[in-house]
1. Gln44 to Ser128: extension gain in nm, 0.36 nm per residue of separation minus the Cα-Cα distance?
2. Under 9 Å from the Cβ of Ser128, count the other residues' Cβ atoms, weight Lys and Arg +1, Asp and Glu -1, and hand me the total.
3. Starting from one equal scatterer on each C-alpha and no solvent at all, send me the Debye-based log10 I(q)/I(0) for the chain at q = 0.09, 0.16 Å⁻¹, two decimals.
4. Among the lysines, which have Cα under 19 Å from the Cα of Lys46 when same-chain residues fewer than 8 positions away are ignored?
5. Fewest Cβ neighbours within 10 Å first, please rank Phe9, Phe186 accordingly.
6. For Asp84, what charge total do you get from the other residues with a beta carbon under 12 Å from its beta carbon, if Lys and Arg give +1 and Asp and Glu give -1?
7. Beta carbons within 10 angstrom, averaged per residue: use that to sort the peptides 111-121, 161-171, 64-74, highest first.
Amino acid sequence: MIAAEDIMFTCEDIRQFYYCKRIVYYRYVLKARVQPTYKMKKGQDKHSEYVSREDLQGKNLFKGIRLESQELGLRGEIDLVQIDANDAKIIELKHGKVKKRNMFDSHKAQLAAQAMLIEKVMGLKVKSIEVLDIVNNSRNEIRITEYHREMVSKALNEMRKIVLEEIFPDPPENRGKCIDCEYRRFCYGDLSDI
Ligand code: SF4
């Protein structure tokens with residue numbers, strides 16, 4: 001039988017949990033693998049292209065850092081991290097304008113999870129988080145509060161419960177989310193019932 005401490009979630013799972021809890025069930029109970037939607041694939045390609053740029057590597061700039069903490073039950077890959085002595089700055093890459101006022105708390109919770117990983121594994125203090133729009137080359141500083149860190153802890157506890165007790169969560173109140181969801185085939189078979 002699987003033990004709670006053996007379950008590792010990704011930082012992205014935190015955002016997905018707040019999008020729809022069922023996604024956790026599909027990923028970790030059914031272990032379902034799905035193809036990314038066309039929109040997601042396009043975004044992933046642009047993202048990989050940008051990260052592979054040679055000029056992104058610098059003395060204090062590290063890309064694609066993979067971190068894992070058994071204690072947190074969390075792992076993740078962070079796009080870019082700038083390190084200055086004991087301080088770190090996370091640089092998250094996005095394709096398209098991200099206005100800080102419009103950023104969902106779920107996305108902020110994902111960034112908070114990355115900050116928690118850096119602090120736990122690398123022993124650095126995350127001083128700031130910046131979202132870089134790689135299409136328009138604009139930057140926005142994002143403020144992560146204690147509230148977002150608590151969102152991470154709450155999500156991890158609930159996600160463990162879903163997996164250990166094989167709980168099939170209710171769909172989100174906003175069924176509009178189902179239209180762009182890569183797991184919709186599991187919920188609906190086709191789109192006619194959405
Ligand atoms: S299709 Fe809807 S209910 Fe099903 S996993 Fe996706 S968002 Fe959740």
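Throughout, read-outs are computed from the coordinates displayed, never taken from laboratory work. Keep in mind that what you see is a predicted model, and the values were worked out from it rather than measured. When we count neighbours, we look across all protein chains shown, and the Cβ atoms used for this are built from the backbone with ideal geometry, even at glycine.
1. Result for the pair: 27.8 nm of gain on full extension.
2. 0
3. Each listed q corresponds, in turn, to -0.36, -1.13.
4. Lys63, Lys94, Lys97
5. Values: Phe9 24, Phe186 15.
Final ranking by Cβ density, sparse to dense: Phe186, Phe9.
6. Values: positive: Lys59, Lys89, Lys125, Lys127; negative: Asp87.
Summing Lys and Arg as +1 and Asp and Glu as -1 gives +3.
7. Numbers: 111-121: 22.8, 161-171: 13.6, 64-74: 15.5.
In decreasing order of mean packing, 111-121, 161-171, 64-74 become 111-121, 64-74, 161-171.
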